[in-house]
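Derivation of every value follows stated rules applied to the coordinates shown; laboratory data play no part. A quick note: this is a predicted structure, and the numbers were derived from the prediction, not measured. FYI the Cβ positions are ideal-geometry reconstructions off the backbone, even for glycines, and counts take in every protein chain you see.
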Amino acid sequence: MNTENKSLRSEQSSAGQRAWRTAQTVLRVLLGVFLVFTGITHLTSARAEFLAQVPTWLPVNGELVVILSGIAEIALGLALIFLVKQRVLVGLAVAAFFVLIFPGNISQYVNRIDAFGMNTDQARFNRLFFQPVLIAWALWATGAWRALFTRKVESS
């Protein structure tokens, strides 16, 4: 009976790990699609909205920032979808990108800039809390969270 319990636990653990990995894969690809779509809108239909988020203190042309960030989002989105073997590094890059664009969200809130339907201080303030969610999503869905925050037990 003890052997049967171990076998059953092993099967349950294995099934749980498969479900966990499947969830990570689905969320990684979903984030990739989101980034590709958002990057394309940087270059097309929502360019003015994104331009409104570029901080005025940034010493670079706003149009250039929007174009380059759009290209970066497309590249990162495609990397999330297709560079499976490098997913941890891609996850770190995506998280870093989300950190780098956060000043745009802060600028939108502080300067009371209406964009993307966020036309109240409360809506712009609430948006600030979404950025850490995106960062955690990128890290978790790629396995980068585990790579960063868990220590491997060294055998002696």
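Take the Cα radius of gyration of the range 11-50 and divide it by 2.2 N^0.38 Å, with N its residue count; two decimals is plenty.
Working: Rg = 16.5 Å, N = 40, 2.2 N^0.38 = 8.9 Å.
The range 11-50 yields a ratio of 1.84.
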Residue-wise, which Karplus ³J(HN,Hα) couplings in Hz belong to the range 46-55, taking 6.51 cos²θ - 1.76 cosθ + 1.60, θ = phi - 60°, and x for glycine or proline?
10, 4, 5, 5, 5, 4, 5, 8, 5, x
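Length gain on complete extension for the stretch VAL26 to LYS85, per 0.36 nm per residue less the alpha carbon to alpha carbon distance? Display every interim value, and only then the final one.
Numbers: separation 59, 0.36 × 59 = 21.24 nm, distance 1.55 nm.
Full extension of this stretch gives 19.7 nm more.
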Using θ = phi - 60° and the Karplus relation 6.51 cos²θ - 1.76 cosθ + 1.60, list the HN-Hα couplings for the range 86-95 in order, rounded to whole Hz, with x at every Gly or Pro.
9, 4, 5, 5, 5, x, 5, 5, 5, 4
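Starting from the range 44-136, pick out the chymotrypsin sites (Phe, Trp or Tyr not before Pro) whose DSSP state is loop and whose Cβ has at most 13 other Cβ atoms within 10 Å. Before the final figure, lay out the partial values.
Details: sites: PHE50, TRP57, PHE82, PHE97, PHE98, TYR109, PHE116, PHE125, PHE129, PHE130; in loops: TRP57, PHE116, PHE129.
Qualifying residues, ordered by number: TRP57, PHE129.
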Calc'd 3J(HN,Hα), the range 71-84, phi into Karplus 6.51 cos²θ - 1.76 cosθ + 1.60 (θ = phi - 60°), Hz, glycine/Pro = x, comes to 4, 4, 5, 4, 4, 5, x, 5, 5, 4, 6, 10, 8, 4
Roughly what angle does helix 2-43 make with the longest principal axis of the chain, taking Cα atoms, 0 to 90 degrees, to the nearest 10?
10 degrees
Using a/c under 1.5 as the rounded threshold, could you call the chain rounded, prolate or oblate? The axes a ≥ b ≥ c are square roots of the C-alpha gyration tensor eigenvalues, and prolate needs a/b larger than b/c, oblate otherwise.
prolate
